[in-house]
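Okay, structure first, notes after.
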Amino acid sequence: MDFPERFSDLPEYAFPRLRALLDSHAPGGAPLAMTIGEPQHRYPDWVAPTIAEAAAGFGKYPVNEGSEMLLGAISGWIGRRYGVAAAPERLLALNGTREGLYNAAMALCPETKAGARPLVLMPNPFYQVYAVAALSVGAEPVYLPATRETGFLPDLDAIPAKTLDRTAIFYLCSPSNPQGAVASEAYLKRLMDLAERHDFRVFADECYSEIWRTAPPPGALAVAEAMGADPERLVVFNSLSKRSNLPGLRAGFAASGPESTRRMRQLRNYAGAPLPLPLQAVAAKAWSDEAHVDENRALYAAKYDIADRVLGGVPGYAAPEAGFFLWLPVDDGEAAALKLWRETGVRVLPGAYLGRDVGGENPGNGYVRVAMVAPADDMQRGLETLRGCLYD
Ligand SMILES: Cc1ncc(COP(=O)(O)O)c(C=O)c1O
């Protein structure tokens, strides 16, 4: 049997790779996972009753693009958060942003760009679905270093014009996973300017937008509107997974111009898996309520403080501006993750598993990623243990 050539270089996903690295070794203490970005704060109490009240909806096929109630709630949230009036026909309900980030490329990436195979640009390291989406549509992924030197976001001025001319899609992640960097309004404006000049689309993954430290991160929708950019050039993705501690609900949205949204909806009608109606009812409620999000943010604020207290003196430690990951510099991320597991039982992810080698350089090599999702006491114990093992 033949298999598609286009996925032949795809590395094993980060978590099976981590299991292969660590699981043949005994942990050096009680295991403590600080690997996966799965929120563990409580989700709101009204989630289960809302599903129960709407349970009759399990007997119906769900509305493909999202119910009127859900799209109205998302539109309301975008209006309050960004001051942008996003009419429901510019919105699409998603089963979480991951599938949306993938399927948007299916719906919107052309077969050629500037007469050649299109390029899909993305930061390196990055959330892995971006690269698989690029390969799936026959485009060439281009990995842009997002390092300490570039402010942990791609250096927009370092991209050659001929690369930009062939670019069909630029995935931006702000706040970024894994580094917790936030793109400024000026950065977003520059990116939208380049998109306009070189005729490409920006896919802005903003799923950490509500987990921030000192100020709410700017949103691409607001920047694009303020500069009068073509709304079709931008697709913004957001989700309830992080903001509302509901990663298992699988509820997110895409927001774009009406024509791009129409095309995404059309493809979804053929091949998509719409969100069950009772879950759409919960999602509508979660987008309409900020009290639980404020509470959640306060819990992360305490965790940022713990991280600063424990790791503040570590050379190269940079507190994240947003999101819930620490991106900690080490000599070799794989060796550090293995040492930490074998000597202490603390489990972290080698940064290289989130990056790609470009010219023999993987910008994740000298890092481990640590998720601040465990209860504060466990997290503090984990970070103190990590510091003792890797830095003291
Ligand atoms: C950067 C980034 N984008 C998107 C997602 C997908 O989130 P979801 O599909 O739960 O909305 C994640 C999840 O970890 C992420 O880290």
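Bear in mind that the values in this text are calculations on the coordinates, not laboratory data. It should be emphasised that the depicted structure is a prediction, and the values quoted were computed from it without experimental measurement. Here the Cβ positions follow ideal geometry from the backbone for every residue, glycine too, while neighbour counts run over all protein chains shown.
In which sequence would Cys389, Cys173 go, from the one with the fewest C-beta neighbours within 10 Å to the one with the most?
Going from least to most buried by this count: Cys389, Cys173.
Report the residue, chosen from Pro11, Pro217, Pro258, that carries the largest GNM mean-square fluctuation when the chain is represented by alpha-carbon nodes joined by springs under 10 Å.
Answer for the Gaussian network model of the chain: Pro11.
Going by the alpha-carbon gyration tensor, a ≥ b ≥ c the square roots of its eigenvalues, is the stretch 56-117 rounded (a/c under 1.5) or, if a/c is not under 1.5, prolate (a/b greater than b/c) versus oblate?
On the way: a/c = 2.95, a/b = 1.47, b/c = 2.01.
Oblate.
In whole Å, what three semi-axes, largest first, describe the equivalent ellipsoid of the stretch 285-329 built from its Cα gyration tensor (square root of 5 times each eigenvalue)?
Working: eigenvalues 152, 22, 6 Å².
Each semi-axis is the square root of five times an eigenvalue, giving 28, 10, 5 Å.
Give the residue list of GluC sites (Glu not before Pro) in the stretch 1-57 that are DSSP loop and have at most 12 other beta-carbon atoms within 10 angstrom.
On the way: sites: Glu5, Glu12, Glu53; in loops: Glu12.
Of the GluC sites (Glu not before Pro), the ones in loops of the stretch 1-57 whose Cβ has at most 12 other Cβ atoms within 10 Å are Glu12.
Using a cut-off of 30 Å between alpha-carbon atoms, which lysines can reach Lys162, once sequence neighbours fewer than 8 places away in the same chain are excluded?
Candidates past the 8-residue exclusion: Lys113, Lys189.
Using just the C-alpha positions of the stretch 47-288 as equal point scatterers, what log10 of I(q)/I(0) does the Debye formula give at each q in 0.09, 0.12, 0.16, 0.17 1/Å?
-0.36, -0.64, -1.13, -1.27
Among all the aspartates and glutamates, which ones have a C-alpha under 14 Å from Lys303's C-alpha, if same-chain residues fewer than 8 places away are not counted?
Hits, sequence-local ones excluded: Glu295, Glu321, Asp377, Asp378, Glu384.
Please give me, ordered by residue number, the chymotrypsin sites (Phe, Trp or Tyr not before Pro) of the stretch 1-56 that lie in loop per DSSP and have at most 13 other Cβ atoms within 10 Å. Spell out each step's value before the answer.
Numbers: sites: Phe7, Tyr13, Trp46; in loops: Tyr13, Trp46.
Counting only loop positions with at most 13 other Cβ atoms within 10 Å, the chymotrypsin sites (Phe, Trp or Tyr not before Pro) in the stretch 1-56 are Tyr13.
Report the gain in length on full extension from Ala158 to Ser8: 0.36 nm times residue separation, minus Cα-Cα distance, nm rounded to one decimal.
On the way: separation 150, 0.36 × 150 = 54.00 nm, distance 2.92 nm.
Going from the current span to full extension adds 51.1 nm.
Let me know the shape class of the stretch 91-191, please: from the alpha-carbon gyration tensor, a ≥ b ≥ c as square roots of the eigenvalues, rounded when a/c is under 1.5, otherwise prolate if a/b is greater than b/c, or oblate.
Values: a/c = 1.77, a/b = 1.15, b/c = 1.54.
Oblate, because a/c is 1.5 or more while a/b does not exceed b/c.
Name the shape class, rounded, prolate or oblate, that the alpha-carbon gyration tensor gives for the stretch 135-192, where a ≥ b ≥ c are the square roots of its eigenvalues, rounded holds for a/c under 1.5, and otherwise prolate holds if a/b is larger than b/c and oblate otherwise.
Working: a/c = 1.78, a/b = 1.43, b/c = 1.24.
In terms of gyration-tensor shape, prolate.
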